[in-house]
1. From 134, 155, which residue is assigned by TED's automatic domain parsing to the domain that holds residue 53, crowded, with 17+ Cβ neighbours inside 10 Å and charged (D, E, K, R)?
2. State all residues of region 70-96 that are of a type in the set (Phe, Trp, Tyr) and in contact with a helix residue (DSSP H, G or I) (Cβ under 7 Å, 6 or more places away or on another chain); if no residue qualifies, say none.
3. Can you tell me which of (1) within 16 Å of the ligand (Cβ to nearest atom); (2) under 30 Å from residue 174 (Cα atoms) is the one residue 128 doesn't meet?
4. Look through 109, 79, 89 and report the one residue that is among the aliphatic types (A, V, I, L, M) and over 29 Å from residue 34 (Cβ atoms).
5. Limited to region 190-200, what total is found for residues that are within 18 Å of residue 152 (Cβ to Cβ) and open to solvent by 60 Å² or more (accessible area, probe 1.4 Å)?
Amino acid sequence: MKRSYERLLQGNKNWASEKLKQNPNYFKDLAMGQNPECLWIGCSDSRVPANEITGTKSGEIFVHRNIANVVVHTDMNLLSVLYYAVEVLHVKHVIVCGHYGCGGIIAALSNKDNGFSNNWLRNIKEVYDKHSNELEAIADPKERENRLVELNVVEQVMNLAKTKIVQQAWERRELQIHGWVYGMSDGLIKDLHVMHDEITDLSPIFRYEL
Ligand code: CO
């Protein structure tokens with residue numbers, strides 16, 4: 001049996017030759033540059049591949065993924081991706097996409113010690129704490145977990161809105177931010193309708209004078 005990494009290299013060869021068969025210029029065209037209209041901030045979970053679940057092709061989505069799709073305002077990685085996507089690529093939409101059954105959410109909901117990851121999961125515990133009244137009123141543990149998945153997306157969309165990068169793009173009327181949740185049991189994405197395209201949706205304390 002092939003080792004798993006060898007399977008990936010073989011799979012790549014097959015994929016590349018298949019693409020060339022369909023379009024001899026496929027890679028030549030891609031090499032010309034990218035012009036994606038969306039930035040996707042999703043979970044690292046192997047079951048939530050941005051392009052595959054949205055039926056999009058290479059070049060259509062700029063992607064950032066981390067455990068439980070969290071937007072942390074001191075995360076140099078995320079901020080660099082966001083800045084580049086908005087200021088250089090001029091994406092029109094930023095989408096935070098969580099997913100039901102998220103291991104990060106499940107871990108944050110428990111009191112287990114998750115080692116170094118505690119520091120990252122802490123962001124989700126803060127979301128729980130902020131919405132504890134609503135969450136603790138939900139008797140069914142699975143339903144409570146699902147609701148935290150949704151509330152986490154809503155909070156991360158708000159965290160995006162709190163950045164100068166997004167507020168500046170709003171000034172230019174160029175950007176919308178969205179919150180979605182992917183359901184692994186049916187393959188469908190639910191739009192939470194937390195779309196924002198202007199600063200008035202944000203508490204005054206977070207608004208910059210630009
Ligand atoms: Co996840």
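1. That would be 155, the only listed residue that is assigned by TED's automatic domain parsing to the domain that holds residue 53, crowded, with 17+ Cβ neighbours inside 10 Å and charged (D, E, K, R).
2. 83 - this is the single residue of region 70-96 that is of a type in the set (Phe, Trp, Tyr) and in contact with a helix residue (DSSP H, G or I) (Cβ under 7 Å, 6 or more places away or on another chain).
3. (2)
4. None of the others qualify; the one that does is 109.
5. Just the residues of region 190-200 that are within 18 Å of residue 152 (Cβ to Cβ), to begin with: 190-196.
Now drop any that are not open to solvent by 60 Å² or more (accessible area, probe 1.4 Å), which leaves 190-191, 193, 195.
Within region 190-200, residues that are within 18 Å of residue 152 (Cβ to Cβ) and open to solvent by 60 Å² or more (accessible area, probe 1.4 Å) number 4.
The values are calculated or read from the model by the stated rules, or taken from the named source; none is laboratory data. This is a predicted model, so every value here is computed, not measured. When we count neighbours, we look across all protein chains shown, and the Cβ atoms used for this are built from the backbone with ideal geometry, even at glycine. Just so you know, the surface numbers come from the protein's heavy atoms only, side chains and all, with ligands and any DNA or RNA stripped out. Shrake-Rupley method; radii C 1.70, N 1.55, O 1.52, S 1.80 Å.
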